[in-house]
Amino acid sequence: MRNIQVVENEIQVPINSDQDIVTARQKGRSLAITLGFSSADAILIATAISELARNIVTYARRGEVLLTTIHKSARTGIQLVARDSGPGIPDVNLALRDGFSTSGSLGLGLPGVKRLVDEFECISEVGRGTTVIARKWKL
Amino acid sequence: MEVPILKQGDFLIATVQAALTDADLLHFRTALIQQVVRCRSRGVIVDLTSLDVMDSFASRTLRDIAEMIRLRGAETVIVGIQPEVAFAMVQLGLKLENVTTALDLDEGLAHLGLKSTSGA
């Protein structure tokens, strides 16, 4: 979390159901458009949110997605935080490895989400939960 | 949000008009297969022009729909995937392999029409 000076406009979306996945990605998309992201980037952001929120519903049942506007020097971005107190990921490195997941029904899709954003971190502890932080900067 | 399914001759046209939850997608899957059986359809077009997010669940459900319809002896053509959505799908690693896609409704109908008149 280097050099992020200002954080504003935090939007919190509780994630408890498939309806909340839609709500979270719609909020992310409209925040991105408001901040001046291209429609292509807004869709990448919404897609990343959808996958992260889906992981919460699938693996932890409940959690939350936080969307914040971030600034670094003259740049503006969006930070997505998806966190839950679910079972956690035993081997984060394995979960981040390509081929472990992607389009199949198994796996978390984390490598795919990582490709959609500019910065990506996943912190997880078995029995305590998982937090994924992803950032996308405006071009 | 229900997806309207229209019958047009031997074909069905389903137009996704709003953001769909997982439950909506599963409901759509069931409704579409039932219609294919009831109408003895030979082809199905799923129009995704208005869809703004295709995530892993949506992509898997569409693949399943196309495969079920194929097993039934009909063909599915997915049309109207927006360029930004296609870009996000590729980045995410989602594939719609073995599913025919076309630019828009006209192209989709042309594809199915050509197939049915060639009498395969």
task = Give me Rg over Rh for the stretch B:5-106, both radii from the alpha carbons and Rh done the Kirkwood way, two decimal places.
result = 0.93
remark   = Partner shielding of B:89-99, as the mean number of partner chain Cβ atoms within 10 Å, equals 5
query = Taking amide hydrogens as modeled 1.01 Å from N in the peptide plane, which residues meet the under 5 Å criterion relative to residue A:76, leaving out close sequence neighbours?
reply = A:138
task = In nm, give the distance between the simple-model label positions of residue A:19 and residue B:72, each being 7 Å from the Cα along the Cα-to-Cβ direction.
result = 2.9
query = Amide H of residue B:45: which non-local residues (sequence gap of 5 or more, or other chain) have their own amide H closer than 5 Å, using H built in the peptide plane?
reply = B:12, B:13, B:14, B:77
ask   = By how many degrees, 0 to 90 and rounded to 10, does the Cα axis of helix A:18-34 deviate from the longest principal axis of chain A?
value = 20
Most fluctuating residue given options B:80, B:43, B:93, as computed from a GNM of chain B linking Cα atoms under 10 Å = B:93
task = Using a Förster distance of 22 angstrom, determine the FRET efficiency expected from the C-beta separation of residue B:8 and residue B:64, and round it to 0.05.
result = 0.40
inquiry  = Take residue B:31 and residue B:115, extend 7 Å from each Cα along the Cα→Cβ direction, and tell me the distance between the two endpoints in nm.
reply    = 2.3
message = Placing unit charges on C-beta atoms (Lys and Arg positive, Asp and Glu negative, everything else neutral), compute the dipole magnitude of the protein assembly as shown about its Cα centre in debye, rounded to 20.
response = 240
key: Sorted by Cβ neighbour density within 10 Å, fewest at the top, the residues A:130, B:30, B:49   = B:30, B:49, A:130
key: With Cα atoms, 0 to 90° folded angle of helix A:39-55 axis to chain A main axis   = 30
note = Checking the stretch B:1-75 for trypsin sites (Lys or Arg not before Pro) in a loop per DSSP with at most 12 other beta-carbon atoms within 10 Å yields B:40
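Since every read-out is calculated from the coordinates, none of them should be taken as a lab result. A quick note: this is a predicted structure, and the numbers were derived from the prediction, not measured. Every residue, glycine as well, gets a Cβ built from its backbone with ideal geometry; the counts of neighbours run over all protein chains shown.
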